[in-house]
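Q: I'd like to ask some things about the structure below.
The values are calculated or read from the model by the stated rules, or taken from the named source; none is laboratory data. Being a predicted model, the structure only gives us computed values, none of them experimental. Here Cβ is always computed from backbone atoms with ideal geometry, including for glycine, and neighbour counts include all displayed protein chains. Please note that ligands, DNA and RNA were not included when accessible areas were found on the heavy atoms of the full protein model with its side chains. Shrake-Rupley method; radii C 1.70, N 1.55, O 1.52, S 1.80 Å.
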Amino acid sequence: QVQLVESGGGLVQAGGSLRLSCAASGTIFSANTMGWYRQAPGKQRELVADITSGGSTNYVDSVKGRFTISRGNRRNTVYLQMNSLKPEDIAVYYCWASILRNEYWGQGTQVTVSS
């Protein structure tokens with residue numbers, strides 16, 4: 001079955017950077033869209049950024065200019081470069097992929113920003 005595996009979360013000081021990585025396995029098909037969601041304590045899960053197979057990107061307003069989403073050269077990989085991190089970015093970040101009209105989620109990776 002399709003599995004998404006994330007890596008790259010951790011603890012960083014405010015103003016610092018982290019890079020999240022995600023790779024999907026278990027399918028020969030390319031994802032139409034891949035993205036990153038996050039869920040902060042006590043809040044609903046929200047879309048952070050996504051990217052289509054054609055390279056079109058979409059960001060939530062709060063991360064524009066600070067985060068960059070990209071797809072890797074290897075099929076079904078996606079990255080999230082997070083710069084100028086703020087305490088309000090603290091959340092569990094989930095990788096997401098749409099493959100043949102099915103949606104898949106990673107297990108999540110914690111991002112913590114100390115002020």
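Q: Name the single residue, out of those in the range 1-48 being β-branched (Val, Ile, Thr) and part of a strand (DSSP E or B), that is surrounded by the most Cβ atoms within 10 Å (Cβ to Cβ).
A: 48
Q: Oh, and also: Assess whether residue 51 counts as being closer than 16 Å to residue 101 by Cα and part of a strand (DSSP E or B). Steps first, please.
A: On the way: closer than 16 Å to residue 101 by Cα: yes; part of a strand (DSSP E or B): yes.
Judged against the criteria, residue 51 is a match.
Q: What number of residues in the range 60-76 are open to solvent by less than 50 Å² (accessible area, probe 1.4 Å) and modelled with pLDDT of 95 or more?
A: Here the count works out to 6.
Q: Give the residues of the range 79-88 that are open to solvent by 50 Å² or more (accessible area, probe 1.4 Å), outside any strand (DSSP E or B) and of a type outside the set (S, T, N, Q), sorted by residue number.
A: Across the range 79-88, the qualifying residues are 86, 87, 88.
Q: If we scan the range 10-21, do we find a residue that is in contact with a Lys or Arg (Cβ under 9 Å, 6 or more places away or on another chain) and among the β-branched types (Val, Ile, Thr)?
A: Looking for residues that are in contact with a Lys or Arg (Cβ under 9 Å, 6 or more places away or on another chain) and among the β-branched types (Val, Ile, Thr), one finds none in the range 10-21, hence no.
Q: Right, here's the next one. I'd like the full set of residues that are of a type in the set (Gly, Ala, Ser), farther than 19 Å from residue 105 by Cα and part of a strand (DSSP E or B), limited to the range 54-77.
A: Within the range 54-77, none qualify.
Q: For residue 91, state whether it is of a type in the set (A, V, I, L, M, F, W, C), farther than 14 Å from residue 9 by Cα and open to solvent by less than 60 Å² (accessible area, probe 1.4 Å).
A: On the way: of a type in the set (A, V, I, L, M, F, W, C): yes; farther than 14 Å from residue 9 by Cα: no; open to solvent by less than 60 Å² (accessible area, probe 1.4 Å): yes.
The answer is no for residue 91.
Q: Only one residue in 76, 83 is touching a Lys or Arg at 6+ places or on another chain (Cβ under 8 Å) and within 17 Å of residue 8 (Cβ to Cβ), so which one is that?
A: Working: 76 fails: touching a Lys or Arg at 6+ places or on another chain (Cβ under 8 Å).
Of 76, 83, the one residue that is touching a Lys or Arg at 6+ places or on another chain (Cβ under 8 Å) and within 17 Å of residue 8 (Cβ to Cβ) is 83.
Q: Suppose we filter the range 1-52 for residues that are over 12 Å from the mean Cα position of the chain (by Cα) and aromatic (Phe, Trp, Tyr); how many remain?
A: The number of residues fulfilling the criteria is 1.
Q: Which condition from (1) of a type outside the set (Lys, Arg); (2) touching a helix residue (DSSP H, G or I) at 6+ places or on another chain (Cβ under 9 Å); (3) closer than 23 Å to residue 3 by Cα is the one that residue 62 breaks?
A: Every listed condition holds for residue 62 apart from (3).
Q: Residue 104 - would you say it is within 20 Å of residue 1 (Cβ to Cβ), open to solvent by 30 Å² or more (accessible area, probe 1.4 Å), part of a strand (DSSP E or B) and in contact (Cβ under 8 Å) with a residue 60 or more places away in the chain?
A: yes
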